[in-house]
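Since the structure comes first, as C-alpha cells, the remarks are kept for the end.
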Amino acid sequence: MSADAAVQAPVAIHASGIVIGEAGVVIRGAPGAGKSSLALALLAAAEQGAHFAALVGDDRLYLSAHHGRLIARGHPAIRGKIERRGQGIAEIGAEPGAVVRLVIDILPPEQVLRYPEAVNSYVTLCGVELPLLALPKAGGACDSALTVLARLRQFGAI
C-alpha cells in the first residue's frame with residue numbers, strides 16, 4: 001500500500017468532537033440537538049473521573065482516514081470555541097486532533113431503542129468502522145455523558 005493510499009483527504013461534517021484520555025469522540029446530530037451540551041457535560045464528567053479531556057472542535061469537524069484510523073480535527077477558524085446555549089460562545093481551548101474511538105448520534109427519542117440490544121452498532125466514516133452509540137435528544141446531557149463514559153470503558157478506550 002502506498003503512502004497516498006493510506007491517507008485520505010479530510011471530509012467536513014457538522015459535529016462536535018472531544019478527546020477523553022486518548023479516545024476521540026465524534027458527536028453528530030441535527031442543529032439544536034445538544035451536541036455542544038453533551039460535549040461540555042463529557043468534559044466535566046471526565047474531569048471528575050480524573051481523565052484527561054479536551055475539546056477537539058465544535059460545530060464543524062474535519063475527518064480523515066490515516067492508516068486505518070479516523071482522525072478528527074476542529075475547524076481552524078473556530079478552534080477552541082464552543083457554544084454554551086443561552087450564554088454565547090466560550091473559549092475553552094482545544095487539542096489539534098484526536099483518533100476517533102466512538103461516534104455518537106443524538107436522535108429524536110422515537111428513533112432510539114429504550115433498551116439497546118446486546119449487539120453493538122457500528123458506523124463507517126471515511127472507510128473506518130467505529131462503534132456507534134445512539135442517544136435520545138430529550139435525554140439529559142449529564143446522564144448521556146455517563147452513558148458515553150461507560151461505553152468508552154466497555155471498549156477499553158479509557
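Read-outs throughout are calculated quantities, based only on the coordinates presented, and are distinct from any laboratory measurement. Values in this document were obtained by computation on a predicted structure and should not be read as measured data. A quick note on method: Cβ atoms are made from the backbone with ideal geometry, for glycine too, and the neighbour counts reach across all protein chains shown.
If you check every pair at least six apart or on different chains, which have Cβ atoms under 7 Å apart with a residue in segment 49-60 that is touching a residue at least 60 places away in the same chain (Cβ under 8 Å) first and a residue that is surrounded by 17 or more Cβ atoms within 10 Å (Cβ to Cβ) and not polar (S, T, N, Q) second?
49/149; 51/20; 51/158
Mind checking which residues of segment 88-111 are outside any loop (DSSP other than H, G, I, E, B), surrounded by 19 or more Cβ atoms within 10 Å (Cβ to Cβ) and among the small types (Gly, Ala, Ser)?
Matches in segment 88-111: 98 only.
Which residues, counting only those in segment 125-158, are in a strand (DSSP E or B), of a type in the set (A, V, I, L, M) and crowded, with 17+ Cβ neighbours inside 10 Å?
Across segment 125-158, the qualifying residues are 125, 128, 130, 132, 133, 135.
Here's the yes/no breakdown for (1) part of a helix (DSSP H, G or I); (2) exposed (fewer than 12 other Cβ atoms within 10 Å of the Cβ):
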position	(1), (2)
32	no, yes
43	yes, no
56	no, no
65	no, no
70	no, no
77	yes, yes
86	no, yes
113	no, yes
